[in-house]
Every structure is written in structure tokens, then in C-alpha cells.
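FYI, it's all coordinate maths here, none of it is from the lab. Owing to the predicted nature of the structure, the values given are computational and were not obtained by experimental measurement. Using ideal geometry, Cβ is built from the backbone for each residue, glycine included, and neighbour counts are taken over all protein chains shown.
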Amino acid sequence: MYAFEYQRAKSVADASSALAKTGGKALAGGQSLVGAMKLRLANPGTVVDLSGIPDLKGIKKNGSGDNAAIVIGALTTHAEVASSPVVRQAIPALAELAEGIGDRQVRNRGTIGGSIANNDPAADYPAAVLALGATVQTNKRKIAADDFFKGMYETALAADEIITSVSFPIPKKAAYVKFPQPASRFALVGVLVADTRGGIRVAVTGAAAHVHRATAIENALAKSFTADAAKAVKISSDHLNSDLHGSAEYRAHLVSVLASRAVAAAR
Amino acid sequence: MGANDLSSVGQSVRRKEDKRFLTGAGQFTDDVNAHNQTWAYFLRSPHAHAKIRGIDTTKAKSAPGVVAVFTGGDLTGVNGLPCGWLITGTDGQPMKEPPHPVLAQGKVRYVGDGVALVIAETLAQAKDAAEQIEVDYEVLAPVVDPVAALKSGAPLIHDGAPGNKCYTWALGDKAAVDAAFAKAAHVTKLDIVNNRLIPNAIEPRAAVASFNRADDSYTLYVTSQNPHVERLLMTAFVLGLPETKVRVIAPDVGGGFGSKIYLYPEETALVWASKQVNRPIKWTADRSEAFLSDAHGRDHVTHAELALDKDGKFLGMRVQTTAAMGAYLSTFASCIPTILYATLLAGQYTTPVIHCEVTAVFTNTAPVDAYRGAGRPEATYVVERLVHAAAVEMGIAQDEIRRRNFIRSFPYQTPVALTYDTGGYDACLDEAMKLADVKGFPSRKSESAKRGKLRGIGYASYIEACGIAPSNIGGALGARAGLYEVGQVRVNPTGGVTVFTGSHSHGQGHETTFAQVVASRLGIPIDNVEVVHGDTGRIPFGMGTYGSRSLAVGGTAIVKALDKIVAKGKKIAAHLLEAAEADVEFKDGKFTVAGTDRSKAFGEVALAAYVPHNYPLYKLEPGLDETAFYDPTNFTFPAGTHICEVEIDPDTGDVQILNFSACDDFGNIINPMIVEGQVHGGLAQGIGQALLEACVYDKESGQLLTGSLMDYALPRAHHVPSFKVATKVTPCTHNPLGAKGCGEAGAIGAPAALMNAVHDALAGAGVTYLDMPATPQRVWTAIQTAKH
Ligand SMILES: Cc1cc2nc3c(=O)[nH]c(=O)nc-3n(C[C@H](O)[C@H](O)[C@H](O)COP(=O)(O)OP(=O)(O)OC[C@H]3O[C@@H](n4cnc5c(N)ncnc54)[C@H](O)[C@@H]3O)c2cc1C
């Protein structure tokens, strides 16, 4: 770790101006940022701790009927999402996804805001945000999921922009199936299949530079929402990741297999 | 065991050491802090192979908090690190032993090779300063694969080792093997890669070195499995210091698995530098450093063939192995793929003739040395994969082919130098088959098939040579040290007993097991026995812990010392009881005149020895403190059968272990709970090798691709099933405890059992061969390849 300045923000505005002034980094659960700092891979100079800001935490259900959504504060931990009765009832796929992130310690510290701001190509939450057609609320604006994830570790966020909450429209049914990378247990491939008010949406994480929608599977499932329909889709391995743990071909294959399992599990 | 034993031997006594470990009161090297201490950081090579044109440390030396910066050029008078085992090649020449410098001398040979030592007031300052060191590298092409390293035109790693060859060595009668193959009804052939592993003890390596100006002496706290060997090698070979001036303390050590046997550059540099800076220096590796710089294990490429007659009797075996040594010869590197490998190729079988040729190769990687099992897992893997494949090819059941070839009469002289003293291989196979419910397997397999899953079962009947080792045999085979062990038993005036052992406990529970041995022999409570280990300042001498030798060799040394205590006690008691020494017997903690009720308790005799008012001083020294050096007369031969059952998801390639049964023969058992724990740990590591672990270096750049737990997969709780374990006992015939050793068995048997199960499961999918680790991607790819 390199020496750094630590600031504890009292409000979102306070945090945003500290980030603008120092060019530093926001700190949420620290489960990605602190690890990178310890390895001297990140040297943010100033760390602006969000954990003292009220109102960034918590889970609530907004609206009703077709407009019903689950709104999760950016600082809500994975463990809180996993154990939330509200989430379990409305979007069980989301609670189960959160339950499958990392280990107990990570889930007790890591936050949804941190996870999607980080946009690790193998992170789980981005699949949920994209497939469920969530909206990311920041201190400046609302960003639609389809516009949020820009590239590997890249998002639409400006340097002084802070996620305050994420709003997930409640789908008719959904499921997330993750095939963990054997060492890190991040997603080697993870697929979230959702039957939403706006149609079938399928998001894939782990397979490429960043989370993306599997439109071929969406189209197949729009015709027939069955496991076999998903499995029959041949995914092209072009542009997919290839590394020690999975060739692009293997990942392409897993996308259809996991999608079919998600269809079978969707509720 | 004799009649003198109290009941605790054979009981699952709770571990004495656990109180301090579970309450956070353990004292590990990183817990040691010396007054006025400085911190060390090693700048390591980012290149796998490069010439060092120059190093500029000017900026680093003037960085804040820096006490000193040393590079290879500063280490005048410091020799390279020695290798403890000389292998003589088939050409009659000694192996090539290129220098293994403490800090790089003009060249780096692997990513992580030490280039400079920075000493500063804080670790952060040392790291900051290290970033200021400018090293001018001329990058050379690396070679990380042992087979590629032998090809002509491969980059030359050491000028002194042409063709990157360390040695070619062979064992066995080649002509006889050729003749056996000529008359074979069937020959099974396999090409096997035994994957390179990174040990990953939970406690990384660490050292605290201090120099004492008052008497020119040094104290080194270090994560070591054998502090006396560490001191011997460091003083006599590298630093040229008298042993009397260096005290090496290996306090609580958080696991070793072999990786802490060796003399490493880091602690050696620290001891040397502690005098230069005249201050204590501390270094603790972080996990990334451990990945780069701990000695790795395995890394063999093998072609093996088994000749059988028409009934499946083994006629002969031939094995050719290329073994990576890494960039330098680590302390015992050379003997692992030879003495601890080729000699085990008979396994549990009567194979009459065996020939094995091993070529050891330098590669641009971290050094390779012993890792739990060391040579024996590799041998077992070769033998048991061959046996499995032969049975499949010839249509013989897996248990049946083993039974047709088991050794049943002992002592048994193998064609590969070892003489097995005893064993009972059928009993372990039978019991393992019962535990595994082999009879129910076919119906479980069809149940899996209904769910679209592939189920398989695999056997491994392994043997290992432990209790290392008779020094004369070791010496004849090239060992540059003795392989005995030392035990000292000090009976204190009020009857408490302190045992000093040259064995080292770093997870094995010696403080309990050894206390059980002593308490039972002396008829005293276990709590009256303290076991002291890991300190050259307190223990007379020792060879340390590796090769499952601690109980068989270290425990026996203690028993020999106890015999001397009892013999002297009898003399004292005879005097006190006014009886003839020959009439005094020792039983249940009492010296009794045979056939009478006249006796003296052990404590009374101890007190008399230290308060010799009524004592035969004219013919007997006071005191009750005895030391024994025990040199075993043979290896011990733990053996057993492991059976693994797996289920494979053909859609993802995921392998689940459903069942793992192990029946082992470790000879007599002192503490069944500790033995079971050792088996569980070994099996978990064996499962790790077979299913998950693979150290991978990039072929082009020589970078370590699996340099952290994000990419190097260790087994987790959910990978490891609830084991079914049992033991059978044929006591070792040549040590008084009848003990054989249990520390490595799990890691030796598990990989072959698991991979045989995977092969069995995949047979229906047309897959005939798969290397470890059976990762989902590999399994899936093999299934796809077999389809097309
Ligand atoms: C051992 C381990 C295993 C893990 N396994 C998984 C896994 O299986 N799946 C998975 O998805 N993840 C996994 N993670 C990552 C984990 O989920 C992290 O918690 C998460 O990625 C980051 O969240 P955080 O709250 O810890 O963020 P931090 O580490 O504090 O921050 C991460 C980044 O996000 C920025 N940031 C944080 N909050 C905000 C905000 N509100 N607005 C704008 N920017 C913000 C920070 O500036 C930083 O750049 C694992 C982590 C560890 C250590």
C-alpha cells in the first residue's frame, strides 16, 4: 500500500466535491479497492469514505403493479440483499445472486454500489442490473442499465459521480446461474435470465470484457421460454474471454448451458 | 508396545498445543519483534531470464528511512546455497550444481529471483525505496517447460549446465525389462504429466535475524521444519560461521508441507546483513511472494509402460521421466525424482523387473523440491494409472488386477532397491471396498445416468517409503547429511519430564503424540511431559520433520532415550531398595523388586537422582537426563488403498467427489484422532492436485500466471467430501514403536484414486486420457474432443 489521505464524507455532495477536488477514489466496502491498494496496483492519493453518509443504505419496495421496483441503496451490503425478505419475495434471483458472491466476509463488507461502479468483467451484480433492466441513480442523474456498463472496469460514471441507489423493476420471473472460476469463485460465466415487463432479457457476465446481453438467446426465449430453446442457441466465441480457466469456446458453450438452467430455475 | 505402557497410547488424546493455537497465543515468527528492529524487503526479478547489466541503488539508499541496500555484489565472502543430495548420473558424472547465489550475481533466472535487499525503518519505506532501484536488464528468452528446456537451441540457463541438464540417472535392470516386454501378452502405455504445485502453507515464510556484538553471535527466528539443518547448511556452507555462533529458532510454524525444509536465500541474507547493519531485521513474505519464491512441487513429464502376461500378471515396467528442478537446485531437489520416486515404482506389486530413467532439468521457474509426498505421489500416480488402464484394456476388474499382483510375503526385496519389511495389502483393499460400498456402485451409476451425469469409481493402492532414513543407505545414494534423529529426555527433580526432540511440529501434533509415548513408558500423566522442539539453543541436534519420519525416527530416538532413563532408574532404585539391579523391574511408573511388593515410584527415583543423599555416588552419576541418537535400519512402508467415486456433469465438465474412502496401514497408532486428521489433510491436498491446482508459467514470457489465489485454485470445504477412513495394522518390524508414519499418505493416494475415478466416469464418453488437474474446462474439452 502507498500512503494515502483518508476523508470521511458527511453527505453525497460533500463526497462528490472531495472527489472532484482531490481526484481520489470513493471507498464503499473496500473489498475491491483496498485489495488493489494493498498490492500497490491502485494509488488513489485520497480515499473518500462513503460509509458515514446516511441514506445510502437500505432496501425498499417502490410503486405497484407494473411499476413496482425494488430500490437498493448503494451502500447496502451483499449480505443484506441476500437476507432481505423484500428482495427474496420480489426478486429471489437477486437475493440468490448476492448470496453467491465471494465469501461471508466479502458479503458482509462489499456493497452493490461498489460492485457495479467497479464493473469487474466477472462480477455478479452487473448481470442482474442489466438483465433486470435496472436504473442506476447517481447524485447527478438516472442511468439506464443498457447505458451504464461501458467496458472492462469502465462505466458511465464521471469521476466525481456517486451511485446513490439502484432500482430494479420486479420481473415476472428470473434466475441467475453462475459457474464459478475454480480459483477466484467469481463468475467464469454467469447468466441471468429474466422475463420482464419489457420482454425477455438475458445478461451474461464473466464471458467477455464486460457484462452484455445475449440477444440470440433473448430472441429464442421470446419465441419459446424453455430450457431447450436456450440450450439450442449456439453462441459465437468471437470476442469472448480466453484464459487459463476457460477458452472462448468453453465460455460460449457455458452461456447456453447456464441460460437453459436459468430458464428451468426461473421463478 | 511393551507391558510398560499406560493406556494413553492408542487413545485420541486431545491435542495439548491446541489451547494456544485456538486462543491466539501461538508464537509464530511474525509474532517475534526485536528491540530496534528494521524491516527487509526483497526486490525481485520481474523477468524470467535476464542479464543484469547494472544496478543503481543510489536513489534507494537516500530514500526516507533506509538503513541499507545490498545487491549480489555486496555479498563478498558469502557462498551460494548448497544442495544436500549428490546424484551421480548414468555417465558416472556428478550432477551439475551451478551456483545458487543468495542475491542474483549478474543474471536472474526466474520471476521472483532476488535482486536486492532493502532494509529500512518500516516495511513501507523499504518497499518505497525498492521502487527507486534501477536495474538495467538485458532480457533473454526463457524456458519454463522441462521437456522444451532439453531441446537443442533452448535458452541456456546456467553456463555450467550444458543443455540445461542437471543429470540423467537410472535405476533397475534395463536388459531384464526389455526381455520381459518381449514376452508380454499385453503392454499398457501412458504419457503422464504430473502437474507442478505451489505448497501454500497458511503461514508464509518469515525470518527475524539479530546480531549480538557482545559475543559475535546471531539469533535467527525462522519458519523452518528443521532448524539444525538450516543452521548447519547456513553456517558451514554459505556464511562460514561456527555453528556455536548461530542459534536458529523455529517457533510455532503454520504448516510446511516440505516447503519449509530448505535453506532459502532470504533468511541467509538477513543473518549476514544483521551484522552489517548491527540491528535486528525482520522479513515476512506476503502471499504473492510465497507464490513466486517458495519451492514448488512435482512437475514431471513421464512416459511409462507396463508389461503383463495374459492373466494380467505384471511382468515388467519401464518409466522415463523428465523432472524440472527450476532455476536452481533447492536443498533436496535432486533426490526427489530419483531416490524418493524410482524406488517406489514397485508399488504393492510383485512386478519382477523395473527400469526407470530420470533426467533432471533446469528451467526458468522457481526451484522445485519436496512437497507433501515428494516423489512418492508421482510414483504412485504412474503405477496406479498404469494399473487402472491395464485393467480396463484387458477387461479385468480393478480390485482383481491388484489382487493378482499383490506382494504377500515379507520381507520383500523389490527390483528397485527397497526391502519392504511388512505389509498387508489385501486387508486394506477389502476394507476400502467395504467403506466405499463398491457393490452398490452399479446402481448408483445408473441412477446418475438417469440424471444425465457420468459416475465413476477409481482405486489407488499406494505405498510410500517413510521413516527417512538409514544414514548409511542415504550416504551411499548421495545424501550429504545423516538422516537419524535425536531425542533427549530430561527428568526434572520433582518428576516432570522435558523432552527435547530434533523433530519439528508444524501441524502434526507432536507435543501430544510424543507426550503420550513418554507418559505411557514412564507411567506418568501426559500433563507432566513437556515437548520442546525447534530451537538449536535447547535441543542437542536434529534432522527435522519431513518424509513422515517424526514418529518412526524422532519418536524412536525418544524411546531409546527413555530406555536409558529406565536403565539408570533401575540402578538407582536397586540401591534404594537394597536389591540387585537385575531383580528390579519397571512397570506402571514403579520400580519394583521382582516377586515382592517392595517398590519405589518413578518420582522418588527422580528425586534421589537430583538430591543424591542416599545414592551410589561411587559408581553412578547423579541426575536423570539422557540423550539418544537413533539411526533407523530401514525405511518404513505405510501403504493402503484409497477409493474415490465421482460424478461428472458432461455439460460443464464439473467433477464432484461423492465418496472418498481410505484404508491405510500406518503400523501402530499412538493417537487415532491425530492420524485421522493427517489423513484428512493429505487427502484434501491430493484432491487439490487432482482437481484444482496447477502452477502455470507463461511459455513466452516466463511470468507466473497462477501467482495468487485468484488464479491458483486450492481446495475449499465444499470440494472435500466427508471422508470414510479406516486403518489396518501390520507393525513396522524395525522400530520399537512399530510405527510407519502417516503424514503424506493422503496426498500420495488421492490423486491417482481420483483420476482413476474420473477416467472411469469418462470412459463411456469415449475419453481415454486426461491429465491433472481435472478442471471443468479440461474435462469438457476432453469430452468434446472424444465426440469428434
Ligand atoms: C475474496 C473476494 C471474493 C469476491 N468474490 C466475488 C464474487 O464472487 N462475485 C462478485 O461479483 N464480486 C466478488 N468480489 C468483489 C466484491 O463483491 C466487492 O465487494 C465489490 O466488487 C466492490 O464493492 P465494495 O463495496 O467493496 O467497493 P470498494 O472496493 O470500496 O470500491 C470499488 C470501486 O467502486 C467505487 N465505488 C464504491 N462505491 C461507489 C459508489 N457508491 N459510487 C461510485 N463509485 C463507488 C470505488 O471508488 C472503487 O473504485 C469479491 C471480493 C473479494 C475480496
Which of the aspartates and glutamates could a cross-linker span from B:Lys600 if the Cα-Cα distance has to be under 15 Å and same-chain partners fewer than 8 positions apart are dropped?
B:Glu578, B:Glu581, B:Asp583, B:Glu585, B:Asp588
Computed [θ] at 222 nm, deg cm²/dmol, chain A (DSSP H ≥ 4; -39,500 (n - 2.57); rounded to nearest 500):
-9000 deg cm²/dmol
Loop-only check: which trypsin sites (Lys or Arg not before Pro) in segment A:214-245 are DSSP coil with at most 16 other Cβ within 10 angstrom?
A:Lys234
Under 1.5 on a/c is rounded, so check that first for chain B, then, if it is not, pick prolate when a/b is larger than b/c and oblate when it is not; a ≥ b ≥ c are the square roots of the alpha carbon gyration tensor eigenvalues.
oblate
Cleavage-rule hits (GluC sites (Glu not before Pro)) in segment B:518-614: DSSP loop, at most 13 neighbouring Cβ within 10 angstrom
B:Glu578
Report, in whole Å, the centroid distance computed from the Cα atoms of segment A:77-94 and segment B:716-775.
41 Å
Both in Å, the radius of gyration and Dmax of the C-alpha trace of segment A:1-52 are 10.4, 30
B:Ala148: net charge of surrounding residues, Cβ under 15 Å, Lys/Arg +1, Asp/Glu -1, itself excluded?
0
Counting only other chains, and only Cβ atoms inside 10 Å, what mean value do you get across the residues of B:703-711?
3
Among all the lysines, which ones have a C-alpha under 18 Å from B:Lys183's C-alpha, if same-chain residues fewer than 8 places away are not counted?
B:Lys174, B:Lys310, B:Lys313
Computed over chain A, the convex hull of the Cα set has an average projected area, in nm², of 13.2 nm²
Taking the Cα centre as origin and putting +1 on Lys and Arg beta-carbons and -1 on Asp and Glu beta-carbons, what dipole magnitude results for chain B, to the nearest 20 debye?
440 debye
Over the alpha carbons of segment B:160-318, what is the largest minus smallest coordinate on each principal axis, giving the biggest first in Å?
75, 31, 30
Tell me the angle of helix A:248-265 to the major Cα principal axis of chain A, expressed in degrees between 0 and 90 and rounded to the nearest ten.
80 degrees
Starting from the Cα of A:Lys142, draw a straight line to each of the lysines and keep only those under 26 Å, dropping any in the same chain fewer than 8 residues away.
A:Lys10, A:Lys21, A:Lys25, A:Lys57, A:Lys60, A:Lys61, A:Lys150, A:Lys172, A:Lys173
Sites matching trypsin sites (Lys or Arg not before Pro) across segment B:592-695 that sit in DSSP coil, with at most 14 neighbouring C-beta atoms within 10 Å
B:Lys619
Per-residue mean of C-beta atoms belonging to partner chains within 10 Å, peptide A:176-184
5
Would you mind pulling out the separation of the Cα centroids of segment B:230-277 and segment B:282-323, in Å?
28 Å
Among B:626-636, B:388-398, how do they line up from the highest to the lowest mean number of other beta-carbon atoms within 10 Å?
B:626-636, B:388-398
State log₁₀ I(q)/I(0) for segment A:176-267 at q = 0.23 Å⁻¹ as given by the Debye formula over alpha-carbon point scatterers of equal weight, solvent excluded.
-1.10
Direction-averaged shadow area of the convex hull around the Cα atoms of the protein assembly as shown, nm²?
47.0 nm²
From the helices alone, meaning DSSP H stretches of at least four residues, give me the mean residue ellipticity at 222 nm for chain B, per-run term -39500 (n - 2.57), in deg cm²/dmol to the nearest 500.
-7500 deg cm²/dmol
Rounded tilt (10° steps) of A:12-22 against the dominant C-alpha axis of chain A
70 degrees
Cysteines having no other Cys beta carbon under 4.7 Å from their own, within chain B:
B:Cys83, B:Cys166, B:Cys335, B:Cys356, B:Cys466, B:Cys644, B:Cys695, B:Cys732, B:Cys742
Can you flag which of B:Lys19/B:Lys568; B:Lys51/B:Lys151; A:Lys231/B:Lys439 are past 26 Å Cα-Cα?
B:Lys19/B:Lys568; A:Lys231/B:Lys439
